1. Determine whether region 143-159 contains at least one residue that is at pLDDT 95 or above, in a strand (DSSP E or B) and more than 19 Å from Leu115 (Cβ to Cβ).
2. In region 179-208, which residues are out of contact with any Ser or Thr (no Cβ under 7 Å at 6 or more places or on another chain), part of a strand (DSSP E or B) and more than 14 Å from Phe143 (Cα to Cα)?
3. Please indicate, with yes or no, whether at least one residue in region 99-108 is over 23 Å from Pro60 (Cα atoms), among the aliphatic types (A, V, I, L, M), crowded, with 17+ Cβ neighbours inside 10 Å and touching a His at 6+ places or on another chain (Cβ under 7 Å).
4. Could you say which residue among Gly136, Gly156 is within 23 Å of Arg181 (Cβ to Cβ), small (Gly, Ala, Ser) and surrounded by fewer than 18 Cβ atoms within 10 Å (Cβ to Cβ)?
5. Going by the conditions given, is Lys211 of a type outside the set (Val, Ile, Thr) and not in a strand (DSSP E or B)?
6. Scan region 158-177 and report the pairs whose first residue is over 11 Å from His193 (Cα atoms) and whose second residue is of a type in the set (Lys, Arg) and surrounded by 15 or more Cβ atoms within 10 Å (Cβ to Cβ), with Cβ atoms within less than 7 Å and a gap of 6+ or a chain change.
7. Trp71 is checked against (1) within 23 Å of Leu203 (Cα to Cα); (2) modelled with pLDDT of 95 or more and fails just one. What number does that condition carry?
Amino acid sequence: MKRLCRGQVFAGRKSGQETNFSTSPERWKVIIIVLTCFFFIGFSGSLKASPVISTERREPAPILAPFGMRWGITPEDFQLLIKNFKVQSKIIREGEEIRAIQVTGIPQKNLLATLFHFEEGMLWEIELQLGDKKWGEEEYNNFFLMTKRVLERRYGVGQPVATQTLRVGDIDTTLGGYVWRQFGGSIQLYLFHAKRGDEQFFLISQHFRPK
């Protein structure tokens, strides 16, 4: 079954301001296609802020769905669960089928949006999109490394995924990351960078799956 594209939220920066590669819808389609190629060709394989990093060594924790979610719930049950929270949601459909629900407003620092992905009517992936509209390359790189260290302390050393580069028209893109696999699930951490001249996009994404 065809799966939905990733990377629906971006943070842009040029000379300290938020930027957009182009006002043309076709340009955005190119960016979405680029992300789809990366994620499905090169990389197949309670609402609280992130905890403080501990220096204590411990056994790797089992990987569970974030926010206390249960894998396999339906889109309808999910909408009932978030009904009483002060968040905004947007349904993303493929034909008549709900493929994802985008949620914003979760009170977690540096969380831009969360995508809850559904396949065959069941929740199968939770994608955290992280960053800050005011950040540049250095801030994104530092936050990516900090997030990696947090995951390593919880789940052990992650397996690096070979960095992928691709040029589409006049846009150069790079995607690199790590994957953790434990009993009960997996986590993928990616840093995406798109550049055209002086304009840049960055996105850090963290993907939780039940296997």
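1. yes
2. Across region 179-208, the qualifying residues are Arg181, Gln182, Gly185, Ser186, Ile187, Gln188, Lys195, Arg196, Gln200, Phe201, His207, Phe208.
3. Yes: one or more hits.
4. Gly156
5. Considered against the rule, which asks whether it is of a type outside the set (Val, Ile, Thr) and not in a strand (DSSP E or B), Lys211 comes out as yes.
6. Listed pairs, sorted by first residue: Gly158/Lys148; Asp170/Arg196.
7. Condition not satisfied by Trp71: (1).
Here's the yes/no breakdown for (1) under 20 Å from the mean Cα position of the chain (by Cα); (2) over 23 Å from Phe143 (Cα atoms); (3) at pLDDT 50 or above:
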{"site": "Ile53", "(1), (2), (3)": "no, no, no"}
{"site": "Arg57", "(1), (2), (3)": "no, no, yes"}
{"site": "Asn84", "(1), (2), (3)": "no, yes, yes"}
{"site": "Gln108", "(1), (2), (3)": "yes, no, yes"}
{"site": "Glu119", "(1), (2), (3)": "yes, yes, yes"}
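The values are calculated or read from the model by the stated rules, or taken from the named source; none is laboratory data. Since the model is a prediction, treat every value here as computed from it, not as a measurement. Positions of Cβ are backbone-derived with ideal geometry, glycine not excepted, and every protein chain shown enters the neighbour counts.
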